[in-house]
Amino acid sequence: MELVLSIAIGALGGSGVWLLLRPRTFQVIIGLTLLSYAVNLFILSMGRLKVDMAPILQKGEAGDLASYADPLPQALVLTAIVISFATTALFLVVLLASRGLTGTDHVDGREREW
Amino acid sequence: MVIAWADHLAILPILLPLAAGAGLLLVEERHRALKAAISLATTVALAGIVTALFHRLEAVPQEVIVYRLAGWPAPFGIVLVVDRLTVLMLMLTSGLALASLIFSLVRWSRAGVHYLSLFQFLLMGLNGAFLTGDLFNLFVFFELLLAASYGLALHGSGIVRVRAGLHYIAINLAASLLFLIGVSLIYSATGTLNMADLAMRIPGLDAGDRMLMEAGSAILGIAFLVKAGMWPLSFWLPTTYAAAAPPVAAMFAIMSKLGIYVILRLWLLLFGDAAGASSDFGGMALLAIGGATVLFGMIGILASQDLGRLTGFAVLISSGTILAVIAIGDADLTGPAIYYMISSTLAIGAMFMLIELIERGRDPGADMLAVTREAYGDDSEEDPLKMEEIGIAIPATITVLGLCFLSCALVLAGMPPLSGFIGKFAILSAAFSVPGQGQDAVPVTAFTWLLLALLMVSGIVTLMAMTRAGIRTLWIPQERTTPMVHLAEIAPIILLLAGCLALTIQADPVLRYMNAAASAAHSPADYVRGVLTDPETGAIRSPDSGGGP
C-alpha cells in the first residue's frame, strides 16, 4: 500500500510540476489540479497509513490508539480540498478573462516571437 | 470558564471585517454612500479595537493575551495569541487600511463590483494571520487573504491587470501547495500544529523526526518567502503591484510584510536559542536570501522606467533589508528592524497612492498610454522636445504632491530627517555597539560590514532612482494639466506620511516598545507558557512522549 501511494503521489506531482511549467494556461490549471491531488494524498499519508481503521472512536471501545487512524490529517485534507477547489475555480475565471482580453492562451498574454 | 467581555477583544479584528464584508454583499452597488459609510465605520472601529488591544496588553502582567476559542485548552483547541509584535502589525494594518480605504472611496471603489467587501475580507485574512496561534489556521487565513487579494488585484480589469493577475494567482496557488506540504511534514514529525506546542516539542525530537521537521520547515519557509517577495521568488511582485489599482497596491505593501512577520515569528519560536540541535536552522540561508533580494531590488529600481515598478522594487529592497537584519538573529537588531519595517511600509503605501495622483496630471489618458506602451514593449519616454518650456510656475497641487514625493523618497532611501533614517541608523548602531554600553554587544563580523554596505548602497541607489523619477515627473515642466486631486485623495497620503513623522518625533518610546517586542519574540518562554497554561488548573501542559502521533 505504501508503494502504491508513493507512486501515485510521485506520478501526480511529477506530471503536475511539468504541466505547471508549460506555456498554455489550460496546461497550468491542469498542472495545479494534479499537484493539489498529490499534496492531498501526501497530507493523508503524513498521518501514517492504516487500513480498515476508523478516525473516530467507536462507542464503548475507547482506549487503544493503535486501532484508530489519525483524524487530524483527514480534517486537514478536507479543508485543503475545499480551498484548492475554490481557488482553482477562481483561477479558471481569470484564465478565461485573459483568453478573452488578449486573444491567446499563452500565459504571458502574447505568443512568443521566434 | 467565565470570560470577561473585554477578553473577546482579541477575536474582534477577525469577526468585525467578516461581518462587515458579508453585510456589504447584501447592499446593492447603487447605495454607494451606505456602503462607503459601513466600510469606513468598520475600519475606524477596527483601529479603535486594535488600540484598545494595545492598552489591554500593557495592562496584563504576562505580556501575552491568549484567546481560546470556545474555551478549549491550547494544544487541542484553536488559539489566538496577542503579543507586542502582533499588536504592532495589527496597528500598522489598520492604519494603512484606513488610508487606503479613504483614498479608494473617492474613485477607485467604483471601478468594479464588490471592492469594499473584498477589502474587508482582505483585512480579515491579514488580522487572522497575525493573530493565529497554530499553523493550520495560518494556512486558512493565508488562503482567505489571498483569495480576497486575487479579486482586488484584478479590480478595475484591463489587459495589464488580468495578465499580471494570472501570474500572481498561479504563483500563489503553487506556494499554497508548498505551505500544505510543509505543514503536514511538521505535523508528521511532531504530532502538533500549535506553534507554542511545537516550540516545546522541537528540542526533544529524535534525529529522524528532526530531519523531517527541518525539511518541512524549509518548505514552509519557501511559501512565506514567495509572499515576502524574496529573490529568486520575486519576479512576479513588481509587475503585479504596479498593475494593481493604487489603493490595492498600498494594501499589498503590508501583505509582503506579512511574509516577513511570519518568518520572524516562526523562526524565532521554532528555531530560537531554546531549540536544541535545531537552533538557528536556516539562519545563514535567510541572510543570503535577504542580501540577494536587496541586490536584485537595487538593480531593478535603477532599471525601472515607471513609478509603479520603481515602488515595487522598493518593496523588495525593504523586505530584503528586514530579512537580512533579522536573520543575524540578535534581539538588539530585530527591534530596529521592526521600526524600519513599519516606517517603510507606511512610505510604500503612501507612494503607491501618490503615483496615481502624479500620473493623473501627466496625460488624461495616462492609463491607456501605459497600457499601450507595455503591450508594444515600448519603453521610450515622452519626446524630449517638450523640455524647452522651462519656467512655468508649478501650481500648488503639484507642490503638495512634490513634497509628498520628496518625503516618501527620504523615508525609503533612509535619509534624514525622517523615520527611514532613524530605522537604518538604529540598526547600524545596534550592529556596531561596543561592549559596556548597557546591553550586551553583538559581535562585529564580516556580515556586519556586509550589512552596513548593503544598507548604505541600497539607500543611495534608492535616492538616485527616486531623484531621477522625481525630476522626470515633477520637476521638468511638461504640457501637463494640473491634476484634479480631491482632498480625500491627498489626505490619506499625508496621514501616512504624518505617521512616519510621528515615528520620527516619538522615536525613543517607539523604539523602546519595539525592542521589548523583539526581545519577547527572541525569548518565547512567556509566549509558550501563556498559550499552554491550562486556564482552569493553571498547570503548564508539558510535552508528552514527543515523537509522532
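Each value in this text was obtained by applying a stated rule to the coordinates, not by laboratory testing. Predicted model only: the values in this text are computed from it and were never measured. Every residue, glycine among them, receives a Cβ derived from its backbone with ideal geometry; neighbour counts consider all protein chains shown.
Is the C-alpha gyration tensor of the range B:54-116 telling us rounded, prolate or oblate? Criteria: a/c under 1.5 is rounded; beyond that, a/b larger than b/c is prolate, otherwise oblate.
Cα axes put the range B:54-116 in the oblate bin.
Provide the packing ranking of B:250-260, B:70-80, i.e. peptides ordered by the mean count of other C-beta atoms within 10 Å per residue, highest first.
By packing density, highest mean first, the sequence is B:250-260, B:70-80.
Rounded, prolate or oblate: pick one for the range B:304-352, where a ≥ b ≥ c are the square roots of the eigenvalues of its C-alpha gyration tensor, a/c under 1.5 means rounded, and failing that, prolate if a/b is larger than b/c, else oblate.
oblate
Relative contact order of chain B: what whole-number percent is it, with Cα pairs under 8 angstrom and at least 6 residues apart?
Worked out over chain B, it gives 18 percent.
To the nearest whole number, what is the average tally of beta carbon atoms from other chains within 10 Å of the beta carbons of peptide B:181-187?
Per-residue shielding by partner chains comes out at 5.
Restricting to DSSP H runs of at least four residues, report the calculated mean residue ellipticity at 222 nm for chain A, -39500 (n - 2.57) per run over all residues, nearest 500 deg cm²/dmol.
Value at 222 nm, helices only: -22500 deg cm²/dmol.
As an exercise, find the ratio Rg/Rh for the range B:134-236 from alpha-carbon atoms, using the Kirkwood inverse-distance average for Rh.
1.09
Taking only the Cα atoms of the range B:20-88, how large is their convex hull per residue, in Å³?
Per-residue hull volume (Cα only) is 114 Å³.
Using a Cα-Cα cut-off of under 30 Å, which lysines could be cross-linked to residue A:50, ignoring same-chain neighbours fewer than 8 residues away?
By straight Cα distance, residue A:50 reaches A:59.
Sort the following peptides by mean Cβ neighbour count (other Cβ atoms within 10 Å, averaged over residues), highest first: A:99-108, A:33-42.
Per-residue Cβ counts within 10 Å, averaged per peptide and sorted highest first, yield A:33-42, A:99-108.
So what is the relative contact order for chain A, in percent, with contacts set as C-alpha pairs under 8 Å and at least six apart?
24
Across peptide A:83-94, what mean number of C-beta atoms from other chains lies inside 10 Å of a residue's C-beta?
What the average comes to for A:83-94 is 5.
Sort B:295-302, B:183-190, B:30-37 by the packing proxy (mean of other Cβ within 10 Å over each peptide's residues), most packed first.
The packing order, highest mean first, is B:183-190, B:295-302, B:30-37.
Count, for each residue of A:41-47, the Cβ atoms from other chains sitting within 10 Å of its Cβ, then give me the mean as a whole number.
5
Shape verdict for the protein assembly as shown, please, from the Cα gyration tensor: rounded (a/c under 1.5), prolate (a/b greater than b/c) or oblate.
prolate
Considering the Cα trace of chain B, what is its radius of gyration and what is Dmax, both in angstroms?
Using the Cα atoms of chain B, the pair Rg, Dmax is 23.2, 80 Å.
Hey, could you get me the Stokes-Einstein D for the range B:250-366, Kirkwood radius over alpha-carbon pairs, 20 °C and 1.002 mPa s, rounded to whole µm² s⁻¹?
For the chosen part, D equals 140 µm²/s.
Give me the net charge of residue B:308's neighbourhood, meaning all other residues with Cβ under 10 Å from the Cβ of residue B:308; Lys, Arg count +1, Asp, Glu -1.
Residues near residue B:308 contribute -2 overall.
Could you name the lysines whose alpha carbon sits less than 27 Å from that of residue B:227, not counting residues in the same chain fewer than 8 places away?
B:257, B:424
Whole Å is fine, so just give me how far the alpha carbon centre of the range A:46-114 lies from that of the range B:337-355.
Centre-to-centre distance over Cα atoms comes out at 36 Å.
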